[in-house]
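Peer 1: Quick one: this structure, given as structure tokens, is what I'll be asking you about.
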Amino acid sequence: MSMTCSTELTLVYTKARTFLGLATPTTASSAASSLSTATNTASAMDHLSSPLKTKVCIIGSGPAAHTAAIYAARAELKPILFEGWMANDIAPGGQLTTTTDVENFPGFPDGILGGELMDNCRNQSHRVGTQIFTETVTKVDFKSFPFKVFTDSQSVLADSVIVATGAVARRLKFTGSGDGPGGFWNRGISACAVCDGAAPIFRNKPLAVIGGGDSAMEEANFLTKYGSKVYIIHRRDNFRASKIMQNRTLTNPKIDVIWNCVVEEAYGDGEKGVLGGLKLKNVVTGQVSDLKVSGLFFAIGHEPATKFLDGQLELDSDGYVVTKPGTTQTSVRGVFAAGDVQDKKYRQAITAAGTGCMAALDAEHFLQEIGSQEGKSESSL
Ligand code: FAD
Ligand code: NDP
């Protein structure tokens, strides 16, 4: 079913949320918490004079990077890991530091805060022997061997490299979209329906998704399991999503499409401090209308963190690192990629961790093949 955005919809909010917006760890607090484990973090200044050497250099700090580090360290490869410093505006620890409860990562029956999960990962990878630097990698040289990895203050010679720099979900900015006072980010607004959609705040409530690609279709269909109704708000009058995904969406009786509209403002639901609805603007007629929803999900694409690679690995048309199917091998032998930086389909912490494990095992096999483990390039650490 489709409708115009001048349609006014009203549904009453009835249930307090338990999931979103109660104790959102900010990127700053997560960064502070990361730095509170500063004993784990080597000082870059100690190594300005000569390059470090390692068998495995891991770039990134999300579930993929730390899983790779745990496996590589336990294989006695003495990994060096660059966790970044507000790389892509995200604290060390990656995307999960920007959310509250993670309820779908196995092993935590009561859920766990995203920041806490990533602190645990970091502590575990340090405990098993990973050398962690709180620096962002700015440049790489994969054309010579050993590979070179650069930050602003030092360089590393590495026999193998694991790229696990993740991706950033694009967010829209409008009144009420932020995470400060008066904003509803994590209080009804999210960029991950699969992660947050099952939260009680969204159950049997009208929800909205912004976007017209495959992600928007997938997220809208997913949300119909929880919401009373799902609106797709799209800025044009047709979708770019694949035909099969479009058909599935347009024939779902719980989904309505609001064409030619953009969100101008998000407002709250009375005293509760959570999202209550949206002001929409029709980009063709200019008409402004009201849409009562308890959830809004951005599905307007992701930005993989691959700019620093400067064309040295094969990327797909959306900028994701291309890996050989079933492996983490990139276009350069000895360089591996794990997590969201090479995955535009699943984008989950557990799948990132899974590919992080694969990357460490792939790197270990590569090092065995080239004889590095016999001391060809002995770690200086
Ligand atoms: P990321 O988590 O993307 O982390 C990579 C990190 O590497 C970057 O953030 C940065 O700190 C660092 N980095 C980047 N570039 C550089 C560089 N050049 N040098 C050094 N360091 C660098 N998934 C779930 O399974 N369950 C959930 O409940 C869930 N909730 C989510 C909620 C939100 C709001 C978001 C945005 C995502 C959520 N996800 C969830 C998805 C999950 O966070 C990601 O799939 C996962 O974090 C990807 O892990 P990753 O290891 O690939 O990298
Ligand atoms: P896409 O880039 O394909 O789509 C993004 C959508 O968001 C577009 O419809 C775009 O509108 C809209 N958009 C972008 N910016 C704005 C904005 N500022 N305001 C409003 N709307 C905006 O991203 P996806 O994440 O959907 O897909 C990325 C890739 O991943 C694709 O190759 C896709 O096929 C793939 N994918 C595959 C899946 C599957 O096979 N199951 C699932 C998910 C993704 P417009 O169209 O007007 O540009």
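The values are calculated or read from the model by the stated rules, or taken from the named source; none is laboratory data. Computed from a prediction, not measured in an experiment: that's the story for all the values here. No Cβ is skipped: glycine too gets one built from the backbone with ideal geometry, and neighbour counts run over all protein chains shown.
Peer 1: Please go through the range 217-229 and give me each residue that is closer than 19 Å to ARG171 by Cα and away from ligand 1 (no atom under 16 Å from the Cβ), ordered by number.
Peer 2: MET217, ALA220
Conditions (1) in a loop (DSSP other than H, G, I, E, B); (2) more than 16 Å from ligand 2 (Cβ to nearest atom), marked per residue:
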| site | (1), (2) |
| --- | --- |
| GLY286 | yes, yes |
| ILE300 | yes, no |
| LYS324 | yes, yes |
| THR351 | no, no |
| ALA363 | no, yes |
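Peer 1: Right, another one. Taking the conditions exactly as written (farther than 30 Å from LYS148 by Cα, among the small types (Gly, Ala, Ser) and assigned to a loop (DSSP other than H, G, I, E, B)), does GLY276 satisfy them or not? Spell out how you get there, then give the answer.
Peer 2: Numbers: farther than 30 Å from LYS148 by Cα: yes; among the small types (Gly, Ala, Ser): yes; assigned to a loop (DSSP other than H, G, I, E, B): no.
So GLY276 does not fit the description; no.
Peer 1: Moving on to the next point. Residue by residue through the range 180-190, note down the ones that are among the hydrophobic types (A, V, I, L, M, F, W, C) and crowded, with 24+ Cβ neighbours inside 10 Å. Before the answer, list the steps.
Peer 2: Filtering the range 180-190 down to residues among the hydrophobic types (A, V, I, L, M, F, W, C) leaves 184-185, 189.
Result: PHE184, ILE189.
Peer 1: Return a yes/no flag: does the range 104-121 have any residue that is touching a residue at least 60 places away in the same chain (Cβ under 8 Å), within 13 Å of ligand 1 (Cβ to nearest atom) and surrounded by fewer than 16 Cβ atoms within 10 Å (Cβ to Cβ). So that I can check it myself, show each step before the final result.
Peer 2: Of the residues in the range 104-121, the ones touching a residue at least 60 places away in the same chain (Cβ under 8 Å) are 104-106, 113-115, 117-119.
Imposing the further condition that a residue be within 13 Å of ligand 1 (Cβ to nearest atom) reduces the set to 104-106, 113-115, 117-118.
When the remaining residues are screened for being surrounded by fewer than 16 Cβ atoms within 10 Å (Cβ to Cβ), the result is 104, 106.
Taking every residue of the range 104-121 in turn, at least one turns out to be touching a residue at least 60 places away in the same chain (Cβ under 8 Å), within 13 Å of ligand 1 (Cβ to nearest atom) and surrounded by fewer than 16 Cβ atoms within 10 Å (Cβ to Cβ).
Peer 1: Looking at GLY212, GLY129, can you tell me which residue is not in a helix (DSSP H, G or I), not assigned by TED's automatic domain parsing to the domain that holds GLY354 and not hydrophobic (A, V, I, L, M, F, W, C)? Give the derivation first.
Peer 2: Values: GLY129 fails: not assigned by TED's automatic domain parsing to the domain that holds GLY354.
Criteria check complete, one pass: GLY212.
Peer 1: Filter the range 67-103 for residues that are acidic (Asp, Glu) and within 8 Å of ligand 1 (Cβ to nearest atom) and give the result. Steps first, please.
Peer 2: Our first condition is that a residue be acidic (Asp, Glu); within the range 67-103, this holds for 76, 83, 89, 101, 103.
Within the range 67-103, GLU83, ASP101, GLU103 meet the criteria.
Peer 1: Follow-up. Assess whether ALA220 counts as being buried (at least 24 other Cβ atoms within 10 Å of the Cβ), assigned by TED's automatic domain parsing to the domain that holds ASN260 and over 20 Å from GLU265 (Cα atoms).
Peer 2: On the way: buried (at least 24 other Cβ atoms within 10 Å of the Cβ): yes; assigned by TED's automatic domain parsing to the domain that holds ASN260: yes; over 20 Å from GLU265 (Cα atoms): yes.
Yes: the conditions hold for ALA220.
Peer 1: Do we have ALA64 as more than 6 Å from ligand 1 (Cβ to nearest atom), among the small types (Gly, Ala, Ser) and touching an Asp or Glu at 6+ places or on another chain (Cβ under 8 Å) here? If you could, list the steps in order and put the result at the bottom.
Peer 2: Details: more than 6 Å from ligand 1 (Cβ to nearest atom): no; among the small types (Gly, Ala, Ser): yes; touching an Asp or Glu at 6+ places or on another chain (Cβ under 8 Å): yes.
The answer is no for ALA64.
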